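Peer 1: Take a look at the following structure, please.
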Amino acid sequence: MGKTLALSLEKLVEEPYASIISYPEHNKKEVSKRLRELQRLGVTALRFSGRKQVLNVPVLGKGCVGVVTIAYRKSEKVALKIRRIDADRATMQHEARMLERANLVQVGPRLLGVSKNFLLMQFVDGILLPDWLETRIAGTNVRKVLREILEQCWRLDKAGLDHGELSHAPKHLIIDQESSPVIVDFETASTDRRVSNVTSVCQFLFVGSEIAGRVAVSLDKISKEAIIEVLRHYKVVRSREAFDGVLDACGL
Ligand SMILES: Nc1ncnc2c1ncn2[C@@H]1O[C@H](COP(=O)(O)OP(=O)(O)OP(=O)(O)O)[C@@H](O)[C@H]1O
Ligand SMILES: [Mg+2]
């Protein structure tokens, strides 16, 4: 990441930043409303830097609901999820409530603040799992990271909180500088659904996706059939013992 300037809030009324604050299009009224909202959250500046781009400006990430950037509360560096004006939800409150519950079991970036259009959270300095796997093939590190991802999913299962997007999670698992995985994006999370964090993430990491192939080369021989079998059992009994069986079948 190259060095970029931190921009104070008054600079954000200018293009192209205004269009990012009210992405995907510049809406003057909305921008000034949102800048007041940022002020109330204690945000003093934003920094446009990261591996993704919107409107030729680097950012941490972009999805259907939000654009994620670096922000500052005075000298504290945090991550800011900006609600897109075309998002299919009216506020960030649900995501904040879900993230708060995940935080209770030490999962997810720490929630730092929320308003109608913004969610402030701990900044995770890392790279997405698929990219991380590319740079780190064989070795114990991979096993340790995957095991920690499964442990976090087990804690979410036990807490009754279903993330909802872990069966296809190329953008929802960040590995930080200390090689600790962080699960992000709790906007489709729910406490009303049947939980399937462990089964979904195993499907993604070991069974179904292109990632599964990349994971397999860095672990000893694992059998997809055996994993599917233990997951079936885990789904029914959902005990620590059954979860240990899952870890075992995944070679972790
Ligand atoms: N706390 C954070 N620290 C650093 N980067 C983050 C953080 N939260 C999210 N990101 C980055 O921003 C991207 C988009 O975040 P998120 O998935 O929450 O947005 P979204 O609009 O819901 O996206 P999608 O539509 O893909 O679900 C993530 O894939 C990740 O790369
Ligand atoms: Mg999302």
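We did not get these values from a lab; they are worked out from the coordinates using the rules stated. Note that the coordinates shown come from a computational prediction; the quantities given were computed from them, not determined experimentally. FYI the Cβ positions are ideal-geometry reconstructions off the backbone, even for glycines, and counts take in every protein chain you see.
Peer 1: Picking from Val236, Leu252, Val43, whose Cα lies most toward the positive end of the charge dipole for the chain (charges on Cβ: Lys, Arg +1; Asp, Glu -1)?
Peer 2: The residue sitting most towards the positive pole is Val43.
Peer 1: If I build a Gaussian network model for the chain, linking alpha-carbon pairs within less than 10 angstrom, which residue out of Val230, Val198, Val107 has the largest mean-square fluctuation?
Peer 2: Val230
Peer 1: Need the C-alpha centroid separation for segment 153-175 versus segment 194-243, integer Å.
Peer 2: The distance from the Cα centre of segment 153-175 to that of segment 194-243 comes to 13 Å.
Peer 1: State the answer as a single residue: which of Gln53, Ala96, Ile70 lies farthest towards the positive end of the charge dipole of segment 6-122, with beta carbon charges of +1 for Lys and Arg and -1 for Asp and Glu, about the Cα centre.
Peer 2: The one lying farthest along the dipole's positive direction is Ala96.
Peer 1: Between Val236 and Gln106, take the C-beta separation as r, use R0 = 30 Å, and let me know the FRET efficiency to the nearest 0.05.
Peer 2: Working: r = 27 Å, r/R0 = 0.88.
With R0 = 30 Å, the Cβ-Cβ based efficiency is 0.70.
Peer 1: Residue by residue through segment 104-120, what is 3J(HN,Hα) from phi via Karplus (6.51 cos²θ - 1.76 cosθ + 1.60, θ = phi - 60°)? Round to whole Hz and write x for glycine and proline.
Peer 2: 3J(HN,Hα) across segment 104-120, in whole Hz: 4, 10, 6, 10, x, x, 4, 6, 10, x, 8, 9, 3, 10, 9, 10, 9.
Peer 1: Another question, then. When the convex hull of the Cα atoms of the chain is projected onto a plane and the area is averaged over all directions, what value comes out in nm²?
Peer 2: Numbers: hull surface 53.5 nm².
With the hull built on Cα positions only, its mean projection is 13.4 nm².
Peer 1: Can you check what the net charge comes to around Ser196, using other residues whose Cβ is under 9 Å from the Cβ of Ser196 (Lys, Arg +1; Asp, Glu -1)?
Peer 2: Numbers: positive: Arg193, Arg194, Lys235; negative: Asp157, Asp162.
Around Ser196, the surrounding residues sum to +1.
Peer 1: Now for a different question. Give me the mean projected area, in nm² to one decimal, of the convex hull enclosing the Cα positions of segment 126-249. Let's see the in-between values first.
Peer 2: Values: hull surface 27.9 nm².
Answer in nm², one decimal: 7.0.
Peer 1: Can you tell me the relative contact order of segment 6-122? Whole percent, Cα pairs under 8 Å, sequence separation 6 or more.
Peer 2: On the way: 214 pairs, mean separation 23.1, N = 117.
About 20 percent, as a whole number.
Peer 1: With r defined as the distance between the Cβ atoms of Arg193 and Glu148 and R0 fixed at 30 Å, what FRET efficiency is calculated, to the nearest 0.05?
Peer 2: On the way: r = 24 Å, r/R0 = 0.79.
The value I calculate is 0.80.
Peer 1: Please enumerate, by chain and number, the aspartates and glutamates with C-alpha under 20 Å from the C-alpha of Lys235, excluding those fewer than 8 residues away in the same chain.
Peer 2: Glu148, Glu151, Asp157, Asp162, Glu165, Asp192, Glu225, Asp244, Asp248
Peer 1: Could you please report the charge total around Ser8, scoring K, R as +1 and D, E as -1 over all other residues with beta-carbon less than 12 angstrom from its beta-carbon? Show your work: numbers first, answer last.
Peer 2: On the way: positive: Lys11, Arg47, Lys74; negative: Glu10, Glu14.
My count for the surroundings of Ser8 gives +1.
Peer 1: Ordered by packing density, taken as the mean number of other Cβ atoms within 10 Å over each peptide's residues, highest first, how do 203-209, 186-192 rank? Intermediate results must be reported in sequence, preceding the final value.
Peer 2: Numbers: 203-209: 20.9, 186-192: 17.9.
Averaged packing, sorted descending, gives the order 203-209, 186-192.
Peer 1: For the chain, modelled as a GNM with alpha-carbon contacts under 10 angstrom, which of Asp220, Asp176, Asp162 fluctuates the most?
Peer 2: Looking only at Asp220, Asp176, Asp162, the largest GNM fluctuation is found for Asp220.
Peer 1: How large is the helix-only mean residue ellipticity at 222 nm for the chain, computed as the sum of -39500 (n - 2.57) over DSSP H runs with n ≥ 4, divided by its residue count, in deg cm²/dmol to the nearest 500? Walk me through the numbers before you get to the answer.
Peer 2: Numbers: 9 runs with 95 residues, N = 252.
It lands at -11500 deg cm²/dmol.
Peer 1: Whole-Hz Karplus ³J(HN,Hα) for segment 153-169, in order, using 6.51 cos²θ - 1.76 cosθ + 1.60 and θ = phi - 60°, x for Gly and Pro?
Peer 2: 3J(HN,Hα) across segment 153-169, in whole Hz: 5, 4, 5, 5, 4, 5, 7, x, 10, 9, 5, x, 10, 8, 6, 9, 10.
Peer 1: Here's something else I'd like to know. At a threshold of 8 angstrom on Cα-Cα distance, excluding pairs fewer than six apart, so keeping six or more, what relative contact order does segment 196-243 reach in percent? Write down the numbers at each step before the final one.
Peer 2: Working: 22 pairs, mean separation 13.8, N = 48.
It rounds to 29 percent for segment 196-243.
Peer 1: Another question about this same structure. Mind scanning Lys52/Lys224; Lys33/Lys81; Lys29/Lys81 and naming the pairs with a C-alpha gap bigger than 26 Å? Don't skip to the end; give the middle numbers.
Peer 2: Working: Lys52/Lys224 33 Å; Lys33/Lys81 16 Å; Lys29/Lys81 20 Å.
Too far apart for the 26 Å limit: Lys52/Lys224.
Peer 1: Next question. Please state the charge dipole magnitude for the chain, taken about the Cα centre, from unit charges on C-beta atoms (+1 on K and R, -1 on D and E), reported in debye and rounded to the nearest 20. Could the numbers behind the result be given before it?
Peer 2: Working: 39 positive and 31 negative charges, 145 e Å.
Roughly 700 debye for the chain.
Peer 1: Give me the number: length gained by fully extending Glu210 to Arg51, i.e. 0.36 nm times residue separation minus the C-alpha to C-alpha distance, one decimal in nm.
Peer 2: Working: separation 159, 0.36 × 159 = 57.24 nm, distance 2.14 nm.
Gain in length upon complete extension: 55.1 nm.
Peer 1: Next question. How long, wide and thick is segment 6-122, going by the Cα atoms along their three principal axes, in whole angstroms, largest first?
Peer 2: 40, 33, 28
Peer 1: To continue, here is another question. Quote the relative contact order of the chain in percent (integer), defining contacts as alpha-carbon pairs under 8 Å separated by 6+ residues. Please list the in-between numbers first.
Peer 2: Working: 434 pairs, mean separation 32.4, N = 252.
Relative contact order comes out at 13 percent.
Peer 1: By how many degrees, between 0 and 90 and to the nearest 10, does the Cα long axis of helix 28-40 differ from the longest principal axis of the chain?
Peer 2: Rounded to the nearest ten degrees, it is 70.
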